[in-house]
1. In angstroms, what radius of gyration and Dmax does region 105-181 have, counting Cα atoms only?
2. May I ask you to give the percent of accessible area on region 1-150 that is carbon plus sulfur, with a probe radius of 1.4 Å?
3. Heavy-atom accessible area per residue, region 25-155, 1.4 Å probe: how many Å²?
4. What is the calculated FRET efficiency for SER437 to TYR273, with r their C-beta to C-beta distance and R₀ = 41 Å, to the nearest 0.05?
5. Once both labels are modelled 7 Å past Cα along the beta-carbon direction, what's the MET177-LYS49 spacing in nm?
6. Step through the table entries LYS16/LYS142; LYS16/LYS81; LYS77/LYS466, compare each Cα-Cα distance with 19 Å, and write down the pairs that go over it.
7. Tell me, what HN-Hα J-couplings in whole Hz come from the Karplus equation 6.51 cos²θ - 1.76 cosθ + 1.60 at θ = phi - 60° for each residue of region 93-110, using x for Gly and Pro?
Amino acid sequence: MNGIGDRMKTEFWSKKRLRVIAVLALFNFTFLGTEYLFDNMMAYLTDAKQVVVAQSYILGASVVGFLLFPLINRLIKQRVKYLMAFVASVASIVCIFIIQQHEAYVSVLVAGGLVFILLGIAGSVSHYAAATMLNNDSSLAKTVGIAYALGLLLQFMNNNFVKNDTAEAIILSVFMMILVILLVCLNQDAAEKIESQTVTERKINHVLINSAVAGGALIASVALMTYIFATLDNVVTFVHAGGSVDIGQWARLLLALSGLIAGVLFDIRERRYMNIIMYCVTLLSTLCVVVIALGGPFLIGLIVFYLSAGFFVVFFTTGFMDLSYYMKLPELWAGLGRAVNNLCAATIGAASLALSESGNAILIIAVALILFALINVTSFIYSNQFTVCMERGETRKSDNEEETEEDAMKLARFSEAFSLTPREQDVLQMLLTSDGSVQEMADKLFISRAALYRHITALNEKTETKTRIGLLQFYYAWKKTDVER
């Protein structure tokens, strides 16, 4: 037993995972650290309410960066990307020092907007490369949680031991350069992995019924959760900017701890209970909003916010990275959780702060409860898109011989329903069962690689699917429907 446990620990702390953790941790640190520096410098130039508004602007700018990366990745050549990475790192450092100087409101705001566009691109690259390197990984949430906690610990140490604004800007700049270097290397490895992946390596553990519905439901669910968490966040930021409470110290440890705990809990039974756990956390946060609205102490809101926010970050990061495996544009979806969160936080900033300042407890409670009810609906829709995978996983536990015979019968019925030729049946069966590369599958079928691709294209046309993964997902989903009939 000790040997098995040691081997599992060794596999978890692999070189690949450590590199992913390092990249995600550095991104979290530079993003949160730059945001913290921006808020502090803005506090010298304007009042607390305008700091919250300015923070909304830079969060919105980061969304632009997250959405730009898929275009860059598809349209720009690799050599040009290296040059762009160098230019972006230099530009980011310049912007950080403009923010640190805080000479004028406009200059700080413009520099903040630009650096957060670049940070958005870096975030999108980080999440896409991490998702690619950890494809089909059962410890994805733990990896995300550890990276998030490490990023926060770096910020905690930076806030505690660095008391000079210039030194803080220098540290952020150094870590920004390190992040860019690691990103270039990891993204290159991710690109090579995609080229060398076999079809079965790209398959995921679960079968998705409708990727569009699942994607829309997850976006809506995260957006609605963000409205609740952003309300708490903006109240905390407002109080911090006003100078009555310093939130840059011990509270970060709560946030790091909650991220670690979330990663461990979410990964239980291959993340089967992740949505349920997040439901409970959201319920707690909703109750916290109600308590504050009824005149409860601010300290309760602060503690609940930091304990639940870690769960939320690990939830939307892991959720969208998982979902990206099913989507046609994975480089967009892998980092979309952060983009949706930032966009909603930016758009709700002024409204949530105005709502909390209004003193209308009934209105605040009503809004919170409505949001919570809508979260339940969207989470239910999202979870139901994975019901097939649960049944498929249970089916695989049955007797091997009966399963093989049943699969053969289903393949025959599928082939008849879609008028597959004998060769197309062979190709489909090979896609379903082979662990080899495309060339190895072609060799086993005694056809050329080009001929194999032609047969796959014909299968896509007959089943009205777009990709090989889409074909396999359609096949497994069709099997369930066929059995029920």
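1. 15.2, 46
2. Details: 4290 of 6440 Å².
It is 67 percent, rounded to a whole number.
3. Values: 4740 Å² over 131 residues.
Result: 36 Å² of accessible area for each residue.
4. Values: r = 35 Å, r/R0 = 0.86.
For SER437 and TYR273, the calculated efficiency is 0.70.
5. 4.3
6. Details: LYS16/LYS142 14 Å; LYS16/LYS81 22 Å; LYS77/LYS466 25 Å.
Violating the 19 Å limit, Cα to Cα: LYS16/LYS81; LYS77/LYS466.
7. Those phi angles translate into 5, 4, 5, 4, 6, 5, 4, 4, 6, 6, 7, 8, 4, 5, 5, 5, 5, 5 Hz.
The values are calculated or read from the model by the stated rules, or taken from the named source; none is laboratory data. Source: prediction; values computed, not measured. Cβ atoms come from the backbone with ideal geometry, glycine included; neighbour counts cover every protein chain shown. Side chains are part of the model used for accessible areas, which takes the heavy atoms of the whole protein and leaves out ligands, DNA and RNA. Shrake-Rupley method; radii C 1.70, N 1.55, O 1.52, S 1.80 Å.
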